[in-house]
Amino acid sequence: MARNKQKRFKRRDSVSGAESEFAISPRAVRIAVFVFIVVALVAYLVSGIYNSDFFNITRIRSNIELTEEVKNVISGESLFDLDTKRVLSLIVGDHPEYKAVHVVKEFPSTVRIEVEKRTAVAQIKGERYYSIDAQGVILDEGTSRVQGGLVPIEIADYNRRLRRGQRIKDDRLQYALELVEALKTERILAEFSVKVINATALPVLYFIMDRAKIIIGKEDLKKRVYILKNLAQKQFQGDLSSVDYVDLRYNKVYVGHRR
């Protein structure tokens, strides 16, 4: 029986000087060559796919209007090369008031941009009137007059310029926003005219409802708003024209009438 031919190599021990032989079988050589060819072929295919025009971006799907700068960064780029962090940075830089921005690659040639916008629930009076969301984030550059449909909130020491995207971390504002939500839940905002909420001093937190001053304080807002609704509907029959003030801060409700 013929023996497999093996190529033998001599190796000299660097310490003892003795020589030893080791052999490489033809089968091992063939396997090594095959693996090398496969790896080279895969690398070639990956390179071809990566650089193929097939993956150049040809479509942008977005739920907002994009600036020309953002479009230029995206258009014509390979989907593999697109820097989504840069796109995100440009959008957030123009609109710091956005709640979330998602930039998604959709193979083979589409980029999808989804923006989650914040919802205005009130407006705060600073240097101008700025719409604000439930987390206290400023949503716009402000207007010189009260914006329709949003309850104005006044805090005396905020009579200054506020920045779009700025989050106001102030307990007074949070109490005022909680009050807005309670008024909305009890439909007081729908049935009466709430002209302003003043949260400068929380112990005497108040708002103007029609012409009446409603002093509500900061405790048990939901409960006190519920009491106010029943009072307005049952005792005053929805007409507050004769009411000067209502003080809801105590167990007993105090009502002052106009003379």
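The values are calculated or read from the model by the stated rules, or taken from the named source; none is laboratory data. What you see is a predicted model, and the numbers here were worked out from it, not measured in a lab. Don't worry about glycine lacking a Cβ; one is built from the backbone with ideal geometry, like all the others, and counts go over all protein chains shown.
For region 203-239, name all the residues that are assigned to a loop (DSSP other than H, G, I, E, B) and within 14 Å of L179 (Cβ to Cβ). Working first, answer last.
First, the residues of region 203-239 that are assigned to a loop (DSSP other than H, G, I, E, B): 205, 210-211, 216-220, 236-239.
Result: L205, I216, G217, K218, E219, D220.
Just the residues that are among the hydrophobic types (A, V, I, L, M, F, W, C), surrounded by 15 or more Cβ atoms within 10 Å (Cβ to Cβ) and more than 28 Å from G136 (Cα to Cα), please, taken from region 85-114.
Residue satisfying the conditions is V111 alone.
What pairs come up if the first residue lies in region 133-151 and is within 26 Å of D171 (Cβ to Cβ) and assigned to a loop (DSSP other than H, G, I, E, B), the second is of a type in the set (V, I, T) and at pLDDT 95 or above, and their beta carbons are under 7 Å apart, counting only those six or more places apart or on different chains?
From region 133-151, the pairs are D133/T119; D133/V121; A134/V121; G136/I168; L139/I132.
Return a yes/no flag: does region 193-202 have any residue that is under 27 Å from V92 (Cα atoms) and touching a residue at least 12 places away in the same chain (Cβ under 8 Å). Full working, then the answer.
We begin by selecting, within region 193-202, every residue under 27 Å from V92 (Cα atoms); these are none.
No - not one qualifying residue is present in region 193-202.
Which one of the conditions (1) in a loop (DSSP other than H, G, I, E, B); (2) in contact (Cβ under 8 Å) with a residue 12 or more places away in the chain; (3) not aromatic (F, W, Y) does L183 fail to meet, given that it meets all the rest?
If we test L183 against (1) in a loop (DSSP other than H, G, I, E, B); (2) in contact (Cβ under 8 Å) with a residue 12 or more places away in the chain; (3) not aromatic (F, W, Y), just (1) comes out false.
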